[in-house]
Amino acid sequence: MSSPGTEASPSLAEIIRAQLRDVPDFPQPGVLFKDIAPLLADAAAFNACIDAFADLPAAYEADLVAGVEARGFVVAAALARAVDAGVVPVRKAGKLPPPTVSASYQLEYGSAEIEVPLGLLEGKRVYLVDDVLATGGTLAATIELLSRAGAEVTGVGVLIELSFLDGRSRITGDEHAELTALLTI
């Protein structure tokens with residue numbers, strides 16, 4: 001409880017929730033998109049998120065931070081700087097120069113293919129970040145892809161988990177991928 005004249009600090013989850021913008025019917029009808037652009041634009045809120053990830057042993061023990069295209073890149077770059085690690089992009093197929101390794105997977109509204117560069121991940125400890133965990137297809141495919149490229153995934157962090165879609169069940173089945181969500185909806 002707060003003492004008279006002071007206010008309790010909002011929790012990180014409350015800070016994130018206050019910065020989200022819901023966009024109905026994007027990228028297609030029936031999907032409610034969680035826009036994190038307001039969160040990224042708020043320096044204090046964004047820094048609080050990066051600090052929370054940087055406090056995780058799985059993040060600060062990593063050699064590299066992998067970010068999933070495109071919003072995951074932003075989180076990965078900031079986190080890598082905070083934990084003194086390198087960054088590796090997880091891109092849509094055809095966006096990286098060869099050689100690469102790729103994986104196809106199902107999204108909640110279609111299918112996609114992602115890839116990572118070969119030669120950068122062999123023997124590296126990698127912490128994986130993304131903005132939202134929905135059905136888990138993207139992150140599950142990315143974990144498998146990083147492993148195939150020779151990396152050890154130390155953990156997974158997301159800003160937001162949409163728990164009603166049960167994506168966590170696809171991630172936590174991997175004994176090497178402890179999942180941290182800063183906000184669970």
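The values are calculated or read from the model by the stated rules, or taken from the named source; none is laboratory data. Keep in mind that what you see is a predicted model, and the values were worked out from it rather than measured. Every residue, glycine as well, gets a Cβ built from its backbone with ideal geometry; the counts of neighbours run over all protein chains shown.
Table: residues versus (1) out of contact with any Phe, Trp or Tyr (no Cβ under 6 Å at 6 or more places or on another chain); (2) more than 24 Å from residue 13 (Cβ to Cβ); (3) of a type in the set (D, E, K, R); (4) modelled with pLDDT under 95.
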residue	(1), (2), (3), (4)
43	yes, no, no, no
46	yes, no, no, no
77	yes, no, no, no
81	yes, no, yes, no
106	yes, yes, no, yes
Worksheet item: Which residue pairs have Cβ atoms closer than 6 Å, lie 6 or more positions apart in sequence or on different chains, and pair a first residue in the range 9-21 that is buried (at least 16 other Cβ atoms within 10 Å of the Cβ) with a second residue that is in a loop (DSSP other than H, G, I, E, B) and not basic (Lys, Arg)?
Response: 19/42
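Report, by residue number, each residue of the range 166-185 that is at pLDDT 90 or above and in a loop (DSSP other than H, G, I, E, B).
Filtering the range 166-185 down to residues at pLDDT 90 or above leaves 166-169, 179-185.
Matches in the range 166-185: 166, 167, 185.
Which of the following residues is surrounded by fewer than 18 Cβ atoms within 10 Å (Cβ to Cβ), closer than 21 Å to residue 113 by Cβ, free of Cβ contacts under 8 Å to residues at least 60 places away in the same chain and under 14 Å from the mean Cα position of the chain (by Cα): 70, 93, 77?
Just a single option satisfies the conditions, and that option is 70.
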